[in-house]
Amino acid sequence: MKHKFIAKRYWKDITTPMGQSDVLAASFDDVINLSLGDPDLVTDDLIINNSMKDAKAGHTKYTDFRGDPELRKEIIKTYKKDYHIDFKDEEIMVVASGCLAMYLVLEAIIDDGDEVIIHSPFFTPYPQQVELARGVPVFLDTLEEEDFQINIERLESLITERTKALIINTPNNPTGTCFTRSTLENIAYIAKKYDLVIISDEIYGAYSYQNPFIPMVTIDDMKERIITINSFSKDYTMTGWRIGHVLAPDYIIKTIQQINENVVFTAPSISQRGAIYALRNREKIQPPMIKEYRDRIFYAYERINKIPNMSVLSPKGTFYLFVNIKETGLSSTEVSDRILKEAHVLVLPGIAFGEAGEGYVRIACTVGIEKLKEAFDRIEKMKLFQN
């Protein structure tokens, strides 16, 4: 909005289709919302009830600046047990969400004009987060015919003397792909060759359907240049709790702690207690949740591939499907608009995730199978998707 009291850098409208989704969802009384990755499931009672007890017991104050020491210990235990990798306490910081984690990390490592490579399609906020830290986003296209893996030759061609970091996201939002070990090892090779930092966004780590999830930090000799961002939002259905963490070399953690003291001071104490119970009970909490989303996404996958002018790759991770609609001959925005107006189903146009997303729409399987069935029944009746 252009106004003398608004900073000029925000005079240009930067609203995205993702940011408008709540408005669009109210367009019709019977909209089925498949746009945002906010699960319909409620946080497990075990987490809620124990957090309430802790709140009543006095856990309502500021915590340690790097997070509740008890939570930091649980994070260390989790990475040791699940991925056989050791972290020191000073290499961990708990923060108020994965989004804040990304901002803090970029603010800590980026000098004015430094370039950050982002593989596209990408999680919508990444470019603006880079720009907030006064960096320059550089986009690396990934392609459906390459399973949306990072092409190392194209990656290397984008590196300049100003390249500082590469943001990777696996399992990936929006494409649902999971990077293979070969892809991760090739990324590691490039990072070492050009002395780059890798920021690895791993907030969907629980949702890897075909192969076990591989954290980037487990690749040999990479720990010193890897910054891992994680969150409890999706892996534990805790989106509203706004809690995440950063794993990084101690000097980076110290820097983001100093920045965060001027942003939100500490992460919410009660949310941190919830995160403790989530980690301690993950072997009980996660399996039924993962099964539910797996059932949904494979149901949606089968329905989509039976609809003319739609296709999608076999699900590998997350609860998103990146649906190819190029055969319609329309743009992703036009297709999304028609699906909303004619079928009363809200999806996001692929262009919301970068230029490489054009020709696709993203579907979030965050409603039950009955609702998904209704959504696809409606879509199938559209002339756009009939032979």
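The values are calculated or read from the model by the stated rules, or taken from the named source; none is laboratory data. The shown structure was predicted, so the numbers you read here are calculated from the model rather than taken from an experiment. Note that each Cβ is placed from the backbone with ideal geometry, even for glycine, and that neighbours are counted across all protein chains shown. Areas reflect the complete protein model, heavy atoms only, side chains present, ligands, DNA and RNA absent. Shrake-Rupley method; radii C 1.70, N 1.55, O 1.52, S 1.80 Å.
Being at pLDDT 95 or above, closer than 30 Å to Met310 by Cα, in contact with a helix residue (DSSP H, G or I) (Cβ under 9 Å, 6 or more places away or on another chain) and buried (at least 22 other Cβ atoms within 10 Å of the Cβ): is that true of Phe139 here?
Spelling it out, it is not the case that Phe139 is at pLDDT 95 or above, closer than 30 Å to Met310 by Cα, in contact with a helix residue (DSSP H, G or I) (Cβ under 9 Å, 6 or more places away or on another chain) and buried (at least 22 other Cβ atoms within 10 Å of the Cβ).
With respect to Thr124, determine if the residue is closer than 19 Å to Lys223 by Cβ and either polar (S, T, N, Q) or assigned to a helix (DSSP H, G or I) (or both).
No: the conditions fail for Thr124.
Just to be sure before I move on: is Ile159 open to solvent by less than 20 Å² (accessible area, probe 1.4 Å), within 20 Å of Gly354 (Cβ to Cβ), in contact (Cβ under 8 Å) with a residue 24 or more places away in the chain and not small (Gly, Ala, Ser) in the structure I sent?
In short, no.
Conditions tested, residue by residue: (1) buried (at least 19 other Cβ atoms within 10 Å of the Cβ); (2) among the polar types (S, T, N, Q); (3) touching a strand residue (DSSP E or B) at 6+ places or on another chain (Cβ under 6 Å); (4) assigned to a loop (DSSP other than H, G, I, E, B).
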position: Glu185; (1), (2), (3), (4): no, no, no, no
position: Tyr189; (1), (2), (3), (4): no, no, no, no
position: Ile199; (1), (2), (3), (4): yes, no, yes, no
position: Ile203; (1), (2), (3), (4): yes, no, yes, yes
position: Asp220; (1), (2), (3), (4): no, no, no, yes
position: Ile229; (1), (2), (3), (4): yes, no, yes, no
position: Lys234; (1), (2), (3), (4): yes, no, no, yes
position: Gly240; (1), (2), (3), (4): no, no, no, no
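In contact (Cβ under 8 Å) with a residue 24 or more places away in the chain, among the aromatic types (Phe, Trp, Tyr) and closer than 17 Å to Glu380 by Cα - does that describe any residue in segment 295-314?
yes
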